[in-house]
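Visitor: What follows is a structure written as structure tokens; I'll ask about it next.
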There are 2 protein chains.
Amino acid sequence: MRRNSKSTAETVERGHFNDYLGRHNLRRTQERIRILQEVFSTHDHFDVETLLFRLRRKKHLVSRATIYRTLKHLLDSKLVRQVDLGRNRAFYEHALGRENHEHLVCVACGKVVEFSTVTIQKLQNFVCEEFNFRPVRHSYQILGTCESCQSSS
Amino acid sequence: MRRNSKSTAETVERGHFNDYLGRHNLRRTQERIRILQEVFSTHDHFDVETLLFRLRRKKHLVSRATIYRTLKHLLDSKLVRQVDLGRNRAFYEHALGRENHEHLVCVACGKVVEFSTVTIQKLQNFVCEEFNFRPVRHSYQILGTCESCQSSS
DNA sequence: TTGCTATTGCGTCTCATTCTCAATATGAGC
DNA sequence: GCTCATATTGAGAATGAGACGCAATAGCAA
Ligand SMILES: [Mn+2]
Ligand SMILES: [Mn+2]
Ligand SMILES: [Zn+2]
Ligand SMILES: [Zn+2]
């Protein structure tokens, strides 16, 4: 008896989210559901304004404050990751089958390219062992100009 | 006929700075000299408030606006580098004989450990070649807890 | 010394993010 | 389904880093 399901992925995330809400005595509100839905329906790197705009376009009215608050929960539950794109505001991406990747950012047009490598993880282990640090997270971005922005200069 | 010189390093930097000012039609003001002096008299990672405080302690009154403006010139002239320490504001360090190093930051006490590696540079070259990017700069930090902050938890 | 103009300091502005609080919605227990 | 304690929301104010405008001032070349 299956519904007109969108994707198993979405179902999984919704499950994780419900679990998280349960464990923290948080309520399953319309706003949180809609934000989760929107975040997992796209696969790009977005900021708060973009998310707000997308929700408004769908007539899913959610306040800016609630978006900030919900994103904090999504970060805490590891469903969403924060990304530093060298801008003056935070960007986010959902964390579904996109583990361990880094970013290449074009400083001219803003284009973002993802790449994976084991190098970063190895280096982190090595360095943390040497200095007796317990790693929590890392942040790595390469900023530069993409191919098309180079030719048009 | 040598003066009571503080260090050759300082002299070198002052030279670079004067060159930079000359090339850009900028004046050699008291404020700029004092900021340069203060920045090169310490070897840590500082933010604007800290720099302001240190200058005030020495009765070298410089406004916040001038510090921001001068730091921009110091960045532009490559005498100072900006460092991302995972906080919500910019940190800086002077760039004298401290090329190509990365940072390990304790999220508990704020301690910063520097480390050098050729790995990052190699990786950057490799990735940029693959995606036809022209690299401008990179940012890499490992956030975690230092040894003493681990034991006191 | 003069005069042009780069620079400063102060206050104001912007922009992202957080906070406050009264009104509202959620969900457990009945 | 209804009640009620309380988690949550939205609107707007508050905050904090940093940029900016402008009148007063200081560098510096002539
Ligand atoms: Mn990504
Ligand atoms: Mn450093
Ligand atoms: Zn580009
Ligand atoms: Zn520590």
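The values are calculated or read from the model by the stated rules, or taken from the named source; none is laboratory data. These numbers were taken from a predicted model, which means no experiment stands behind them. Cβ atoms come from the backbone with ideal geometry, glycine included; neighbour counts cover every protein chain shown. Note: accessible area is taken over every heavy atom of the protein model, side chains too, but ligands, DNA and RNA are not part of it. Shrake-Rupley method; radii C 1.70, N 1.55, O 1.52, S 1.80 Å.
Visitor: For segment A:60-82, give me each residue that is closer than 18 Å to A:Asn18 by Cβ and aliphatic (A, V, I, L, M).
Guide: Selection gives A:Leu71, A:Leu74, A:Leu75, A:Leu79, A:Val80.
Visitor: Can you find even one residue in segment B:59-73 that is touching a Ser or Thr at 6+ places or on another chain (Cβ under 7 Å), free of Cβ contacts under 8 Å to residues at least 40 places away in the same chain and open to solvent by 70 Å² or more (accessible area, probe 1.4 Å)?
Guide: Taking every residue of segment B:59-73 in turn, none turns out to be touching a Ser or Thr at 6+ places or on another chain (Cβ under 7 Å), free of Cβ contacts under 8 Å to residues at least 40 places away in the same chain and open to solvent by 70 Å² or more (accessible area, probe 1.4 Å).
Visitor: Go through segment A:8-61 residue by residue and tally those that are within 30 Å of A:Gly110 (Cα to Cα) and under 19 Å from the mean Cα position of the chain (by Cα).
Guide: 28
Visitor: Does B:Leu104 qualify as being within 13 Å of ligand 2 (Cβ to nearest atom), touching a residue at least 40 places away in the same chain (Cβ under 8 Å) and outside the structural domain of B:Arg14 (by TED's automatic domain parsing)?
Guide: yes
Visitor: Still on this model: Quick check: anything in segment A:136-143 without any contact (Cβ under 8 Å) to a residue 60 or more places away in the chain, within 16 Å of DNA strand C (Cβ to nearest atom), surrounded by 16 or more Cβ atoms within 10 Å (Cβ to Cβ) and not assigned by TED's automatic domain parsing to the domain that holds A:Leu26?
Guide: yes
Visitor: Select from segment B:115-134 the residues that are at the interface with chain A (Cβ under 8 Å from one of its Cβ atoms) and among the acidic types (Asp, Glu) and list them in ascending order.
Guide: Residue satisfying the conditions is B:Glu130 alone.
Visitor: Assess whether A:Gln124 counts as being more than 30 Å from A:Asp19 (Cβ to Cβ) and crowded, with 17+ Cβ neighbours inside 10 Å.
Guide: Judged against the criteria, A:Gln124 is not a match.
Visitor: What are the residue pairs meeting all of these: first residue in segment A:18-45, first residue over 24 Å from A:Arg56 (Cβ atoms), second residue in a helix (DSSP H, G or I) and modelled with pLDDT under 95, Cβ atoms under 8 Å, and 6 or more apart or on different chains?
Guide: Once the first residue is over 24 Å from A:Arg56 (Cβ atoms) and sits in segment A:18-45, no partner that is in a helix (DSSP H, G or I) and modelled with pLDDT under 95 comes close enough.
Visitor: Also, I was wondering about something else. Mind counting the residues in segment A:75-100 that are of a type in the set (A, V, I, L, M, F, W, C) and over 26 Å from B:Ala90 (Cα atoms)?
Guide: The total comes to 3.
Visitor: For B:His43, are the conditions met, namely being of a type outside the set (Lys, Arg), away from ligand 1 (no atom under 16 Å from the Cβ) and surrounded by fewer than 15 Cβ atoms within 10 Å (Cβ to Cβ)?
Guide: In short, yes.
Visitor: So which of B:Glu129, B:Glu99 is under 30 Å from A:Ser116 (Cβ atoms), modelled with pLDDT under 95, surrounded by fewer than 13 Cβ atoms within 10 Å (Cβ to Cβ) and more than 16 Å from DNA strand C (Cβ to nearest atom)?
Guide: On inspection, the qualifying residue turns out to be B:Glu99.
Visitor: While we're on this one: Take the residues in segment A:127-153 that are in contact with a helix residue (DSSP H, G or I) (Cβ under 9 Å, 6 or more places away or on another chain) and among the hydrophobic types (A, V, I, L, M, F, W, C); name whichever of them is nearest to ligand 2 (Cβ to nearest atom).
Guide: Going through the qualifying residues, I end up with A:Phe131.
Visitor: Which numbered condition in (1) within 14 Å of ligand 1 (Cβ to nearest atom); (2) loosely packed, with under 13 Cβ neighbours inside 10 Å is the only one that A:Gly22 fails?
Guide: Looking at each condition in turn, A:Gly22 falls short on (1).
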